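**Q** Please read through the structure below; I'll follow up with questions.
The values are calculated or read from the model by the stated rules, or taken from the named source; none is laboratory data. The shown structure was predicted, so the numbers you read here are calculated from the model rather than taken from an experiment. Counting neighbours? That spans all protein chains shown, and the Cβs are built from the backbone with ideal geometry, glycine included. SASA here: full protein model, heavy atoms, side chains in, ligands and nucleic acids out. Shrake-Rupley method; radii C 1.70, N 1.55, O 1.52, S 1.80 Å.
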Amino acid sequence: MKPVPALADGFPDLSGMRIAREPHWFRWISAALIVLVLAAIARAFAHGQIEWTYVSRFLTAKVILEGIVNTMVMAVLAMALGIVLGIVVAIMRLSPNPVLKTVAAGYTWLFRGTPLILQLLLWFNLALVFPTIGVPGLWSARAVDVMTPFLAALLGLGINQGAYTSEVMRAGMLSVDIGQYEAAQAIGMHRLRALHRIILPQAMRVVIPPLGNEFIGMVKATSLASVIQYPEVLHNAENIYYANSRVIELLIVAGFWYLLVVSILTPLQMLLERRFARGILRPAR
Amino acid sequence: MTKPLVAIRSVSKSFGEFQALKSVSLDVWPGEVMCLIGASGSGKTTLLRCINQLAVVDGGGIWLDGELLGVREQSGRLHRLSEREIGRQRLKTGMVFQRFNLFPHKTALENITEGPTQVQGRKADEVRTEALELLRRVGLSAKADWYPAQLSGGQQQRVAIARALAMKPMLMLFDEPTSALDPELVGEVLAVMKELAKSGMTMMVVTHELGFAREVADRVVYMDQGAIVEQGRATDVLGAPREERTKAFLSAVI
C-alpha cells in the first residue's frame, strides 16, 4: 500500500481571512432617488389645497370613530359568515354526492358572477320583491322592517365572501395528502370526523395566508355598504363632507383608519399562522 | 376445527382497464404471519387495501372474523353497508402504510390516542396509559411528545405501528412498511414486527424483505399479474420454488 502523498504546493491557506463588504452602489443611488421622489410628493401635498387642521380635527371625531367601529363589526361578522359558508360549501363540493356538488358549484357561480355592490342593493331592496317575509303560519313581518342596512350588508357581504372562501377552503383540503384520508379511515373515522380532526387542521395552515388576504379585502369591501346607508366609516365621512365640503380632508381621515386597521391585522395573521403550523415549523432533529 | 380469520373468495378488482386482482382466493388463519411477495403491480397491495376497504372489490367477497366486508346479502342481492358500518368493520384491522401517514399536526402520543378516544370514545387517561405502554413496546418512550417531522423514518413507522395497535385489531396489515426507509432504519422496524409476530398477532405483510419473510413468515404467497402463483412455507417458496415465474422473480430480487 502506498503512503498518502503530501498536499501539493500553490494553494495558500485562506482560513482566517474575511470576505470584504460589497459597496452596493446601486442600493445607495436607488434609495436616494426614492427619498427625492417622496420629498417632492410631500411638498406637493403641503402646498396643495388641503386644510390639515380639518384632517386632525375629524380624525378622532365621534362620528368617525363610530364609523370605524361599525366597519370592524361588519367586517368580522361578514367574514365569520363567509368562513362558515365557505367550509360547508367546500365540503359539499368535495362530497361524492352529485346533488350537493351541483348546489355548491351553483352557489359559487352565482355569487362570484355578479358584482358585490349589485348584491348589496338587491338585499337592501328585497322588500320590492317580497313585501312581507316569514315562515308561513309561524311568523311574518314587513320586509322593510327586517331588512335593515345592517342585515342587508351582513347578508350581502357574508354570502358573497362565502363563495370566494369556499374555493380557498377547497384548495386547502386538496393540498392535504391523500394518505391522511386513508390513515384516518384506517383507524375507523367516517368522512366528517376525518375532515374535522385530521384534514381541516392541516388545511388551515395553507388557507390562512389567502384568508388573511380575503379579510383585508373584506375590511375595505364594507365601504360598499355606504350605498345602502350602513353607517360605516366612509359613509360617515361622506355625510360630513356633504355638510362642510371638505372632501379630500375627510377622505384622508377615512383612509388613515383603513390603513391603521389593516396594519394591525398583519401581525395577527402571523400569530394565527404560527398556531396552525404545529409540527411543521419545528426544527428537525 | 378453527375457522380462518380472513377468507378471500374469488375477489377481483380493476382500475379502469387494468385488472389488479383476478379472482383471488385465500385463507388467513388466526395467529398466522403471512408475507405477500411479488413485483410491483402484482396486486399484493390492492389485496391488502381490499381487506381494509380502502379499495372496494368489484367481484367476489372477503369475510373477516366470519363477517362479510362492505356489503350485506339480502334476497339474492348485495347491498352496500353504510359508512358507519364500514368504519366499525375497519376497527378489526390495523393498517401500516408504506409512507407512514402519521398526522403531522399531532404528537406521537396524540397520533396513537386519536383513534381510541375519537372513534371508540374511550376515556382519555386510560387510553393515554395504554398509548405510553405501546410507545414503550416500540422503543419510543422518550419521543411521546415529539411531532412526526422531528422523528426519523424508522421512528415514524414504529409510531404508526403503535397507532394501529391502539385500536386493538385482530389482524395487522402491513403495506411495504420498510420500502420508504433508509437502509440503516429498516432493521428497527422489522424488529418491532418480529416481536409482534411472536406475541401471536395475525399479520399480512406485503414486503420485499425476503430475509424477514424467511425468518418470520408462517406462509409466503407469491403473486404475479393479479393472481396467486405459488404459496407455502417460507423455506419451500423461497428456497425451492416450483413455479418458473417464482424462480424468475426470486433470482431477479436476490
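**Q** Restricting to segment B:56-89, name every residue that is outside any strand (DSSP E or B), open to solvent by 60 Å² or more (accessible area, probe 1.4 Å) and of a type outside the set (S, T, N, Q). Working first, answer last.
**A** Going residue by residue through segment B:56-89, those that are outside any strand (DSSP E or B) are B:56-58, B:65-66, B:69-70, B:75-76, B:81-89.
Checking the rest, the ones that are also open to solvent by 60 Å² or more (accessible area, probe 1.4 Å) come to B:56, B:58, B:65-66, B:75-76, B:83-85, B:88.
Of everything in segment B:56-89, those that are outside any strand (DSSP E or B), open to solvent by 60 Å² or more (accessible area, probe 1.4 Å) and of a type outside the set (S, T, N, Q) turn out to be B:VAL56, B:ASP58, B:ASP65, B:GLY66, B:GLY76, B:GLU83, B:ARG84, B:GLU85, B:ARG88.
**Q** Among the residues of segment B:45-78, count how many are under 18 Å from the mean Cα position of the chain (by Cα), more than 25 Å from B:ARG99 (Cα to Cα) and hydroxyl-bearing (Ser, Thr, Tyr).
**A** The number of residues fulfilling the criteria is 0.
**Q** If you don't mind, there's one more thing I want to ask. Suppose we filter A:LEU122, A:LEU155, A:LEU118, A:LEU174 for residues that are closer than 30 Å to A:ILE280 by Cβ and under 28 Å from the mean Cα position of the chain (by Cα); which single one remains? Break it down stepwise before answering.
**A** Details: A:LEU122 fails: closer than 30 Å to A:ILE280 by Cβ; A:LEU155 fails: closer than 30 Å to A:ILE280 by Cβ; A:LEU118 fails: closer than 30 Å to A:ILE280 by Cβ.
The match here is A:LEU174.
**Q** Give the number of residues within segment B:1-48 that are part of a strand (DSSP E or B) and either open to solvent by 70 Å² or more (accessible area, probe 1.4 Å) or closer than 19 Å to B:THR246 by Cβ (or both). Break it down into steps so the answer makes sense when it comes.
**A** Pass one, segment B:1-48, residues part of a strand (DSSP E or B): B:6-15, B:18-28, B:33-37.
If we keep only those that are either open to solvent by 70 Å² or more (accessible area, probe 1.4 Å) or closer than 19 Å to B:THR246 by Cβ (or both) as well, we get B:9, B:15, B:18-19, B:21-26, B:34-37.
Adding up the residues that qualify gives 14.
**Q** Checking B:ASP182 against (1) open to solvent by 10 Å² or more (accessible area, probe 1.4 Å); (2) touching a strand residue (DSSP E or B) at 6+ places or on another chain (Cβ under 6 Å); (3) farther than 20 Å from B:LEU132 by Cα, which test does it fail?
**A** So B:ASP182 meets the others, but not (2).
**Q** Filter segment A:162-173 down to residues that are open to solvent by 50 Å² or more (accessible area, probe 1.4 Å) and touching a residue at least 40 places away in the same chain (Cβ under 8 Å) and give me whichever is farthest from the other protein chains (Cβ to nearest Cβ). Working first, answer last.
**A** Step one: list which residues in segment A:162-173 are open to solvent by 50 Å² or more (accessible area, probe 1.4 Å), which gives A:164, A:170-171.
Imposing the further condition that a residue be touching a residue at least 40 places away in the same chain (Cβ under 8 Å) reduces the set to A:164, A:170.
On the way: A:TYR164: 25, A:ARG170: 19 Å.
Looking at residues that are open to solvent by 50 Å² or more (accessible area, probe 1.4 Å) and touching a residue at least 40 places away in the same chain (Cβ under 8 Å), I get A:TYR164.
**Q** In segment B:152-166, what count of residues is obtained for those that are open to solvent by 10 Å² or more (accessible area, probe 1.4 Å) and assigned to a loop (DSSP other than H, G, I, E, B)?
**A** The qualifying residues number 1.
**Q** Out of A:ALA186, A:ALA143, I need the residue that is in contact with a strand residue (DSSP E or B) (Cβ under 6 Å, 6 or more places away or on another chain) and within 14 Å of chain B (Cβ to nearest Cβ). Which one?
**A** A:ALA186
**Q** Identify all residues within segment B:155-179 that are more than 11 Å from chain A (Cβ to nearest Cβ) and more than 20 Å from B:LYS198 (Cα to Cα); write none if there are none.
**A** B:GLN156, B:SER179
**Q** If you take the residues of segment B:90-120 that are open to solvent by 30 Å² or more (accessible area, probe 1.4 Å), in a helix (DSSP H, G or I) and of a type outside the set (Asp, Glu), which of them is farthest from the other protein chains (Cβ to nearest Cβ)?
**A** Residue satisfying both the conditions and the ranking: B:THR117.
**Q** Select from segment B:135-151 the residues that are more than 13 Å from chain A (Cβ to nearest Cβ), crowded, with 20+ Cβ neighbours inside 10 Å and part of a helix (DSSP H, G or I) and list them in ascending order.
**A** B:LEU135 - this is the single residue of segment B:135-151 that is more than 13 Å from chain A (Cβ to nearest Cβ), crowded, with 20+ Cβ neighbours inside 10 Å and part of a helix (DSSP H, G or I).
**Q** Could you list, in sequence order, the residues of segment A:103-129 that are surrounded by 12 or more Cβ atoms within 10 Å (Cβ to Cβ), without any contact (Cβ under 8 Å) to a residue 24 or more places away in the chain and not aliphatic (A, V, I, L, M)?
**A** Listed by number, the residues that qualify are A:THR114, A:ASN125.
**Q** Next question. Suppose we filter segment B:180-192 for residues that are within 14 Å of the chain's Cα centre (by Cα) and either within 12 Å of another protein chain (Cβ to nearest Cβ) or not in a helix (DSSP H, G or I) (or both); how many remain?
**A** Of the residues in segment B:180-192, 0 are within 14 Å of the chain's Cα centre (by Cα) and either within 12 Å of another protein chain (Cβ to nearest Cβ) or not in a helix (DSSP H, G or I) (or both).
Here is a yes/no grid of residues against (1) within 14 Å of chain B (Cβ to nearest Cβ); (2) hydroxyl-bearing (Ser, Thr, Tyr):
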site: A:GLN180; (1), (2): yes, no
site: A:ARG193; (1), (2): yes, no
site: A:VAL206; (1), (2): yes, no
site: A:ASN213; (1), (2): no, no
site: A:THR222; (1), (2): no, yes
site: A:ALA243; (1), (2): no, no
site: A:LEU251; (1), (2): no, no
site: A:TRP257; (1), (2): no, no
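**Q** Restricting attention to segment B:117-151, report how many residues are within 24 Å of B:LYS198 (Cβ to Cβ) and under 22 Å from the mean Cα position of the chain (by Cα).
**A** Going through segment B:117-151 one residue at a time, the tally reaches 10.
**Q** Against the condition of a type outside the set (D, E, K, R), in contact (Cβ under 8 Å) with a residue 60 or more places away in the chain and in contact with a helix residue (DSSP H, G or I) (Cβ under 6 Å, 6 or more places away or on another chain), how does B:GLY38 come out, does it pass? So that I can check it myself, show each step before the final result.
**A** Numbers: of a type outside the set (D, E, K, R): yes; in contact (Cβ under 8 Å) with a residue 60 or more places away in the chain: yes; in contact with a helix residue (DSSP H, G or I) (Cβ under 6 Å, 6 or more places away or on another chain): yes.
Spelling it out, B:GLY38 is indeed of a type outside the set (D, E, K, R), in contact (Cβ under 8 Å) with a residue 60 or more places away in the chain and in contact with a helix residue (DSSP H, G or I) (Cβ under 6 Å, 6 or more places away or on another chain).
**Q** Looking at the structure I just gave you, is A:ILE50 open to solvent by less than 30 Å² (accessible area, probe 1.4 Å) and outside any helix (DSSP H, G or I)? So that I can check it myself, show each step before the final result.
**A** Working: open to solvent by less than 30 Å² (accessible area, probe 1.4 Å): yes; outside any helix (DSSP H, G or I): yes.
Yes; evaluated as a whole, the condition is true for this residue.
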